[in-house]
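Step one of this worksheet: look at the structure below.
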Amino acid sequence: QRNFVPLTIDGWFCKVPPGPVCWPLIGARGVDPIYSWITFTEWAKRYGGIFGLFLGSEYTVVLSDINLIRSALSKPSFEGRPLGTISRSLFRGKGLGFADGKLYREQRKFAVNTLHHLAVNSCQSDNPDDTTGLHEIYAALVDDFASTNGEPLDPMHFLQKASVLVSCDLAHKGVVKPDDPIVEDIITLYKPLFSINVSTGLLNIHPWLKHFPPYRQSYQLMQKAVDHGRGIAGKLVEQGRTLREKRAQVNQEKTLFDYASAFDRKMLSVSEEKSFTEEQLIAAAAELVMAGEEDIHAMMYWLVLFMCMYPDIQERAQNVLDELVGPTRQPSLRDNGNLDYIEAIVMESLRFSNFVPFPLPRRTTEDVQFSGFRIPKDTVVITNAYAVHFDEELWGDPNVFRPERFVDNMEKFRASRNAIAFGAGRRVCAGETFAKVQMTLLLSTILHNFTLNFAEGTNPPNIRQDIVAGLGKAKAHTINFAPLTSTQETRTQSRCTEYFLQSWYPSRTRFAQPGVDVRQQISEAKFKGLHKEQLKIM
Ligand code: HEM
């Protein structure tokens, strides 16, 4: 609190950004404990696109203007992460998202290059024998939904499973299979962590609360989750190494390439960079799986809800898939880059759901002169993405769900500099490309096989109120996943059936007898303990 008096006085003379009256230790009063982004948006109207306040004893600057946000976040002096927060103490400065200084800079460069390469590279191969295993994961998702036989369900668990699998595929390729019990472990693991709001949550504003009940228990649970997650990552790293060795022994040509193996190679190379250690590998791998699992499934849930809320948009997306993919195959990595309308739905959903009201907070690493104000070293910097994503001047009709705003006249995807769900500038989300590719393909897979609608008696979400703390998560809903059938004009055959044939039985003509319930055949085969290979020769 040593800065409280001088900064308050500087505030009166407009040397630091203006802002609300603050009190020692407590900071600003009147911040909504759940919907703090709404309070900050109101205050931005009063004090401007940049204002300052104390949150607890932490001096904080809030940016709500897109030009100021883009300009600040691209400066090296804004690239730190806050020092005293819970997240920082939980992750102990290792990994990526909450690391700082030299370790962060070395790791960031490696992470961005590797993750981009992995996301783009995996898009170039679409061979069913390919070790990426992604086609198997999409197949398992359709399998899961189809197994409900059209009964309404809360899709959360299936989406979580798919998200864990795609994230493990990125970090530890080929190691975790859809029926691996570790999938369930990971799903339950990170729940406690994502119940906190890392920008304005009480525990982050007053980290000392972690020593007192009931916060002590939540803190301990979170610490346990991080440690357990790293324990799992350690095992998966080892299993990945064993798998690669085995493949090398049988001369399998394709090397498995994933984050962990790229990191291993980096550790072996002679390098000045000292942060490439086993401990950092495990921390980073655990974080990638955590980020992937949580972010992707939570966003997929919103995507499913929006498809139920806007059936016209759902139908347009299905028509696009009919045209691009057609009824005889499933969407796959080779379609990436052509699914412009689906990508637009993903981007509009990220905006409209207020999924990330505040991208992760930053910290100034030195005294900065910015937009006419002095911002002292170690100031916490929060960007109010909600204010930007619902700014009428930027979007015209921000309260309307309209994916078309992300496509141009030629129906091609059009990025917007006002969309900042992945953050911006120097620490923009390292998994952005991967996340977009995966969400686009997972949504395409679902829409290519099912029509979604709310189950009877289920109300659509109230976007502004139904958001649960932490990431902008949606509340649970019950949804019908109706398999697309031959009764629909453009579809000659049930896509579910197509899917099963394709994934379980590549030379599918042998099974494709009209009127035969292939799903039943396959479940019977599974019941009898037959494997895919045996099915092939049946
Ligand atoms: C819906 C999906 C996702 C959203 C909306 C999202 C959003 C974000 C945001 C807002 C940040 C902070 C950026 C900043 O400080 O400016 C971030 C950081 C990060 N994200 Fe994501 N993310 C998503 C998925 C993923 C996935 C799938 C991965 C990993 C595979 C990932 C890995 C990371 C990492 C490593 C950072 C830390 C970057 C750094 O501090 O340098 N994210 N993400």
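Numbers at a glance
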quantity: Residue match in segment 313-321 (condition: farther than 19 Å from T458 by Cβ and of a type in the set (G, A, S)); calculated: yes
quantity: Any chance P403 is at pLDDT 75 or above, surrounded by fewer than 21 Cβ atoms within 10 Å (Cβ to Cβ) and not aliphatic (A, V, I, L, M); calculated: no
quantity: Unique residue being at pLDDT 90 or above, within 16 Å of the ligand (Cβ to nearest atom) and buried (at least 20 other Cβ atoms within 10 Å of the Cβ) when the list is L452, L442; calculated: L442
quantity: Scope segment 23-37; condition surrounded by 16 or more Cβ atoms within 10 Å (Cβ to Cβ) and either part of a loop (DSSP other than H, G, I, E, B) or in contact with a Lys or Arg (Cβ under 8 Å, 6 or more places away or on another chain) (or both); matching residues; calculated: V31, Y35
quantity: Near pairs, Cβ below 6 angstrom, 6+ apart or cross-chain, from segment 405-429 (within 10 Å of the ligand (Cβ to nearest atom)) to any residue that is among the basic types (K, R); calculated: A424/R70
quantity: Filter result for L96 (closer than 26 Å to D169 by Cβ and of a type in the set (A, V, I, L, M)); calculated: yes
quantity: The listed residue being over 27 Å from L281 (Cα atoms) and either within 10 Å of the ligand (Cβ to nearest atom) or modelled with pLDDT of 90 or more (or both), out of L73, L55, L96, L68; calculated: L68
quantity: Answer residue from segment 74-116, given it is touching a residue at least 40 places away in the same chain (Cβ under 8 Å) and aliphatic (A, V, I, L, M) and is surrounded by the fewest Cβ atoms within 10 Å (Cβ to Cβ) among those; calculated: L83
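The values are calculated or read from the model by the stated rules, or taken from the named source; none is laboratory data. Just so we're clear, the structure is a prediction, and the values are computed from it rather than from any experiment. Neighbour counts are summed over all protein chains in view; Cβ atoms, including those assigned to glycine, are modelled from backbone coordinates with ideal geometry.
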